[in-house]
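A short write-up of the structure that comes next.
The values are calculated or read from the model by the stated rules, or taken from the named source; none is laboratory data. Please read these numbers as outputs of a predicted model, since none were measured by experiment. Virtual Cβ from ideal backbone geometry, glycine too; neighbours counted across all protein chains shown. We work out accessible area using only protein heavy atoms, side chains counted, and drop any ligands, DNA or RNA first. Shrake-Rupley method; radii C 1.70, N 1.55, O 1.52, S 1.80 Å.
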Amino acid sequence: QVQLVESGGGLVQPGGSLRLSCAASGRIFSINAMCWFRQAPRKERDLVASISSGGSTNYVDSVKGRVTISRDNAKNTTYLQMNSLKPEDTAVYYCFGNIVNHHGTLSTYWGQGTQVTVSS
């Protein structure tokens, strides 16, 4: 079965940087779109960034210029590089993937989430 595992979260001061990683494992045939979502306390889970199989990217307005999403297809991994972090970036960050397994079935998968806290 397919699993997504996030890593790289933690506590950082305002203006600092973090790089989140999301590794997909299991019997994967192909990975289509990969996304990062985030959910702050008492708020909805919102899309932060997405990247297509062809490398096209999209970002929410609040992170444009500070965040870069990328992927390494050989490692079945996607990354979220975050710079100039602000307190309002504090949230649990979730990886999301649109993945075809070895049976040819297209499904969506969520990672377990990783906490990012921006505070002095």
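So the values come out like this:
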| item | result |
| --- | --- |
| Linear extension gain, Gln3 paired with His103, 0.36 nm per residue minus alpha-carbon span | 34.5 nm |
| FRET E, pair Glu88, Asn58, Förster distance 25 Å, beta-carbon r, rounded to 0.05 | 0.80 |
| Per residue value of the accessible surface for the chain (all protein chains in place, 1.4 Å probe), Å² | 55 Å² |
| Within the accessible area of the chain (1.4 Å probe), percent carbon and sulfur | 47 percent |
| FRET efficiency, 1/(1 + (r/R0)^6) with R0 41 Å, evaluated for Lys75 and Arg45 via beta carbons | 0.95 |
| HN-Hα J in Hz across the range 21-37 - Karplus 6.51, -1.76, 1.60, θ = phi - 60°, x for Gly and Pro | 10, 9, 9, 9, 9, x, 8, 9, 8, 7, 10, 8, 7, 10, 9, 10, 10 |
| Computed E for Ile28/Thr117 - FRET, C-beta separation, R0 41 angstrom, nearest 0.05 | 0.85 |
| Reach of Lys86 by Cα under 23 Å, taken over lysines that are not fewer than 8 positions away in the same chain | Lys43, Lys64 |
| Where no second cysteine Cβ lies under 4.7 Å, the cysteines concerned in the chain | Cys35 |
